[in-house]
Amino acid sequence: MLQAIIFDFDGTILDTERHDYGCWAEIYQAHAVELPLATWSNIVGTVHGDFDPHQLLETLTGRPFDRAGLRAQRRRRLVELVEQEPLRPGVQALIEAAHAAGLRLGVASSGTRDWVEGHLVARALRGYFGVVRTVEDVARAKPDPELYLSALAALGVAPEYALAIEDSRHGMMAAKAAGMKCLVVPNEITQSFDFSEADLVLESLAEIDLARLFAPGALYP
C-alpha cells in the first residue's frame with residue numbers, strides 16, 4: 001500500500017523549467033543568437049553537467065562574456081518570474097489530501113537547498129514535508145537514484161511503497177532506478193520527452209486524487 005509521496009520540485013511543484021530556459025533564451029536573443037530548446041532539454045531535471053550555457057553563448061557569438069555578470073542577470077530575472085508563478089494545478093490539493101491521510105511526504109530535487117527551501121517556505125508548503133533532499137545532500141544528481149534513496153531512508157519507507165511525482169525524463173529514470181513507482185506530469189519544456197517507462201502520465205495533478213492512487217490494482221497491490 002502507498003505510504004509516501006516524494007515530489008520533484010522544479011517543473012513539478014512550480015513550473016520553473018519554462019522560466020529557467022526562457023531567461024537564458026532572452027540572454028542569447030539579446031546577442032542575436034538562439035539557444036535551441038533541444039539542447040537545453042538534455043539537462044532538464046539534472047544539473048548542467050557537461051553543458052555550459054556561457055560557453056555555448058561565447059562559441060555562437062565568437063566573443064567572451066563576463067560570466068559572473070551573466071549569472072547574476074539571469075538569476076535576477078529568474079527570481080522575478082518564478083515569484084509570480086502559481087503552483088502547478090492540483091499540487092496544493094494533493095499535498096493537503098496526502099498529509100491529511102497520513103502519508104509521509106518528501107521532496108527530492110536537483111536544485112539547490114536555498115532555492116527549493118526558499119520557495120517551499122514562501123508558498124507555506126515546507127511544513128507538509130518530512131524531508132527535503134537537494135543536490136547539496138548527495139554526490140550524484142538525477143538521473144542517479146541517490147536523491148530518492150536518501151529521501152526514502154529519511155522517511156523510513158521502502159521504495160515499493162512510495163510514489164515519485166516528476167516532470168522530466170532524468171527524474172523519472174532516477175525514481176525508477178530507486179525502485180519506486182513514478183507519476184509524470186510533463187510541462188511545456190518536457191512534454192515531448194519519452195515517458196514510456198513511467199507508471200502513469202497525466203496532463204495535470206488536478207486529474208488525480210488519493211482514491212485513485214489507493215484503488216486496488218491502480219499503482220499498488
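The values are calculated or read from the model by the stated rules, or taken from the named source; none is laboratory data. Quick caveat: nothing in here was measured; it's all calculated off a predicted structure. All Cβ positions, glycine included, derive from the backbone under ideal geometry; neighbour counts span all protein chains shown. Heads up: the accessible areas ignore ligands, DNA and RNA and are worked out on the full protein's heavy atoms, side chains in. Shrake-Rupley method; radii C 1.70, N 1.55, O 1.52, S 1.80 Å.
Of the residues examined, Ala124 is one that is without any contact (Cβ under 8 Å) to a residue 60 or more places away in the chain and either out of contact with any strand residue (DSSP E or B) (no Cβ under 6 Å at 6 or more places or on another chain) or open to solvent by 20 Å² or more (accessible area, probe 1.4 Å) (or both). Residue by residue through region 152-167, note down the ones that are crowded, with 18+ Cβ neighbours inside 10 Å and free of Cβ contacts under 8 Å to residues at least 24 places away in the same chain. Of everything in region 152-167, just one residue is crowded, with 18+ Cβ neighbours inside 10 Å and free of Cβ contacts under 8 Å to residues at least 24 places away in the same chain, namely Pro159. Taken together, the residues in region 162-196 that are within 15 Å of Phe7 (Cβ to Cβ) and charged (D, E, K, R) amount to 3.
Being out of contact with any strand residue (DSSP E or B) (no Cβ under 8 Å at 6 or more places or on another chain), part of a strand (DSSP E or B) and either closer than 14 Å to Phe129 by Cβ or not charged (D, E, K, R) (or both) is the filter here; which residues of region 7-25 pass it? Result: no residue meets the conditions.
Results for (1) open to solvent by less than 10 Å² (accessible area, probe 1.4 Å); (2) over 21 Å from Val91 (Cα atoms); (3) in contact with a Lys or Arg (Cβ under 7 Å, 6 or more places away or on another chain); (4) not polar (S, T, N, Q), shown as yes or no for each residue.
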site: Val135; (1), (2), (3), (4): no, yes, no, yes
site: Val138; (1), (2), (3), (4): no, yes, no, yes
site: Glu146; (1), (2), (3), (4): no, yes, yes, yes
site: Ser150; (1), (2), (3), (4): no, yes, yes, no
site: Arg169; (1), (2), (3), (4): no, no, no, yes
site: Leu183; (1), (2), (3), (4): yes, no, no, yes
site: Glu188; (1), (2), (3), (4): no, no, yes, yes
site: Ala198; (1), (2), (3), (4): no, no, no, yes
site: Ala215; (1), (2), (3), (4): no, no, no, yes
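The set of residues in region 26-38 being free of Cβ contacts under 8 Å to residues at least 40 places away in the same chain, over 17 Å from Gly62 (Cα atoms) and surrounded by 13 or more Cβ atoms within 10 Å (Cβ to Cβ) is empty. Note on region 1-25: among residues that are within 20 Å of Ser204 (Cα to Cα) and either charged (D, E, K, R) or without any contact (Cβ under 8 Å) to a residue 40 or more places away in the chain (or both), the one that is most open to solvent (accessible area, probe 1.4 Å) is Arg18. Does Gly49 fit the bill of being in contact with a Lys or Arg (Cβ under 8 Å, 6 or more places away or on another chain) and at pLDDT below 90? So Gly49 does not fit the description; no.
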